[in-house]
Amino acid sequence: AGKAFRKFLPLLDRVLVERCAAETVTKGGIMIPEKAQGKVLQATVVAVGSGAKGKDGQIQPVSVKVGEKVLLPEYGGTKIVIEDKDYYLFRDGDILGKYVD
């Protein structure tokens, strides 16, 4: 995956994420059909932009780092296909939160 992101770098306060795989089996072992699977809102950050300029002209860095797991809104983002894999581009302010260990 590292080579693909040398070809694409988000600008300003944009964040490129890869959605996590949907759960296909419940904890009890029951298979979930594809139609019943909900939209996955958890993703891993794979690339970030340098940040956007604030009102004072200073660059405000992006609030997430590469490798962090984030919570996405149900709708929004721009789908991008890089080397036959789907990624999504969001603004930093659109990301709802990040998971901490």
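The values are calculated or read from the model by the stated rules, or taken from the named source; none is laboratory data. Given the structure is predicted, the values throughout are model-derived calculations rather than measurements. Neighbour counts are summed over all protein chains in view; Cβ atoms, including those assigned to glycine, are modelled from backbone coordinates with ideal geometry. Heavy atoms of the whole protein, side chains included, go into the accessibility calculation; ligands, DNA and RNA do not. Shrake-Rupley method; radii C 1.70, N 1.55, O 1.52, S 1.80 Å.
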If R0 = 22 Å, then S63 and D84, at their Cβ-Cβ distance, give a FRET efficiency to the nearest 0.05 of 0.15
For V48, the net charge from surrounding residues (Cβ-Cβ under 10 Å; K, R +1; D, E -1) works out to -1
Protection proxy (average C-beta count within 10 Å per residue), highest first, orders 84-95, 58-69 as 84-95, 58-69
By accessible area (1.4 Å), largest first, T44, T78 order as T78, T44
